[in-house]
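As structure tokens, the structure follows; a few thoughts come after it.
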Amino acid sequence: MSETLNLFPGRVLYGAGALKECRELLKGKRVFMVSDAGLEKCGVLAEAVSALEPDEVYLMNCREPRLSDAQQVLDALAASGADAVVGLGGGSVMDAAKAAAAALDSGKGLSELLGSVSLKRRCLLMLVPTTAGTGSEATCNAIFIDDADGVKKAMISSAMIPDAAVLDPMLTLGLPAAITAFTGVDALCHCAESYISVKANELSRAWSLRGIELIKENLPRAVNAPRDIEARQNMLFASLFGGAALRIAGTTAVHALAYPLGKRGVPHGVANSLLFYEVMRGTLDDPSSLIPGFEALSEMIRALPLPKLSGYAIDAGEVPVLAREAMDQTRLLNNHPAPVDEATAARIYSTLFA
């Protein structure tokens with residue numbers, strides 16, 4: 001007998017203006033909202049506060065989340081007395097919000113909860129993505145940079161699957177083209193990597209495949225016509241499907257090699273966009289036979305307005321160190337359908353500086 005653990009948000013609310021219809025879900029609750037300063041500046045936070053009327057709002061720094069950032073969220077949540085948590089933002093915010101909600105009653109700090117842990121969550125959890133990329137609203141993973149060694153590490157628990165995910169395209173309209181592009185490529189990597197993962201099954205591949213199709217059709221539209229509501233909504237669906245697929249199958253070598261770049265300040269989606277083609281071409285005999293539309297997807301990525309690696313403080317002399325650090329991501333490399341050794345990783349990184 002085969003079995004798959006299929007956890008999905010308890011409710012998925014979607015459509016333009018969906019957030020305004022969610023207040024009833026929080027009725028009678030003391031609501032603690034986690035968001036970030038960037039959303040405060042662009043007005044999305046004010047819109048969400050008006051719609052949901054949280055009792056307290058905690059703003060995170062706009063950066064790749066560190067374990068200490070998430071711990072501060074947990075400390076603030078514990079002090080608030082809240083029994084409902086809303087994570088409004090990108091993957092950094094949602095990961096911190098759901099980790100804090102899951103850990104609230106554990107009596108432990110987040111540094112003690114890395115890896116796979118069994119937790120019981122009493123508070124209601126609602127996740128509201130404002131980018132279409134991470135799929136965090138559909139996963140039981142939260143990824144943080146460990147302050148102790150700078151390495152990205154995962155906290156994994158079914159308690160982080162939310163009671164409700166809200167996919168409101170109106171909240172993504174203000175995203176700059178570059179952020180729309182690289183968060184969209186992050187979603188594509190989730191879909192494509194989970195599709196080829198050795199842990200994939202028929203259920204995960206169905207989500208992966210539909211996500212790939214939606215991204216191919218809608219990411220260029222969302223970038224070039226930023227107020228295209230249909231494209232924005234479809235990208236949110238694709239991101240959700242990617243998250244659901246990686247819940248079962250996980251990501252593979254693209255993400256493994258992206259993490260060392262993230263440690264050096266390269267946004268996660270940018271790192272994935274730089275590595276997608278090079279990793280697949282550098283590790284698989286025929287990626288086109290494994291990934292539907294691989295060449296067209298790679299061309300699409302090249303045509304997007306994405307930041308270049310030259311914009312970050314990394315040089316070719318760091319290639320050996322990057323390759324060594326990538327080998328630490330065994331959880332992801334073990335999912336890849338072909339072996340990836342340190343020499344292969346070094347060759348792939350070298351192409352980024354050519």
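The values are calculated or read from the model by the stated rules, or taken from the named source; none is laboratory data. Quick caveat: nothing in here was measured; it's all calculated off a predicted structure. No Cβ is skipped: glycine too gets one built from the backbone with ideal geometry, and neighbour counts run over all protein chains shown.
Against the test of being in the same structural domain as Y58 (by TED's automatic domain parsing), surrounded by 23 or more Cβ atoms within 10 Å (Cβ to Cβ) and among the aliphatic types (A, V, I, L, M), the options A154, A70, A84, A79 yield a single qualifying residue, A70. Hey, can you tell me all the residues within the range 114-141 that are surrounded by fewer than 21 Cβ atoms within 10 Å (Cβ to Cβ) and over 16 Å from P9 (Cβ atoms)? If the condition is that a residue be surrounded by fewer than 21 Cβ atoms within 10 Å (Cβ to Cβ) and over 16 Å from P9 (Cβ atoms), then L114, G115, S116, V117, S118, L119, K120, R122 are the ones that fit. Selection within the range 263-279: residues that are out of contact with any Ser or Thr (no Cβ under 9 Å at 6 or more places or on another chain) and β-branched (V, I, T). The member of this set that is surrounded by the most Cβ atoms within 10 Å (Cβ to Cβ) is V270. Looking only at the range 205-212, decide whether some residue is of a type outside the set (V, I, T), modelled with pLDDT of 95 or more and under 23 Å from V93 (Cα atoms). The answer is yes; a qualifying residue exists. Cβ-Cβ contacts under 6 Å between residues 6 or more apart (or on different chains), taken from a first residue in the range 97-125 that is in the same structural domain as S158 (by TED's automatic domain parsing) to a second residue that is among the hydroxyl-bearing types (S, T, Y) and outside any helix (DSSP H, G or I), are listed as A102/S157; V117/S157; L119/S106; L119/S157.
Criterion applied to G150, G211 was being within 21 Å of V270 (Cβ to Cβ) and touching a residue at least 60 places away in the same chain (Cβ under 8 Å), and the one residue passing it is G150. Within the range 70-94, the set of residues being within 20 Å of T134 (Cα to Cα) and out of contact with any Lys or Arg (no Cβ under 8 Å at 6 or more places or on another chain) comprises A70, V73, V86, L88, G89, G90, G91, V93, M94. When the criteria are applied in full, L188 meets the requirement of being under 22 Å from S289 (Cβ atoms), touching a residue at least 60 places away in the same chain (Cβ under 8 Å), of a type in the set (A, V, I, L, M) and crowded, with 22+ Cβ neighbours inside 10 Å.
Determine whether D285 is surrounded by 24 or more Cβ atoms within 10 Å (Cβ to Cβ), within 30 Å of A354 (Cα to Cα) and of a type outside the set (G, A, S). So D285 fails the test.
Select from the range 16-52 the residues that are surrounded by 15 or more Cβ atoms within 10 Å (Cβ to Cβ), over 20 Å from G91 (Cα atoms) and without any contact (Cβ under 8 Å) to a residue 24 or more places away in the chain and list them in ascending order. Within the range 16-52, none qualify. All conditions in (1) assigned by TED's automatic domain parsing to the domain that holds K20; (2) in contact with a Cys (Cβ under 9 Å, 6 or more places away or on another chain); (3) small (G, A, S) hold for A245, with the sole exception of (1).
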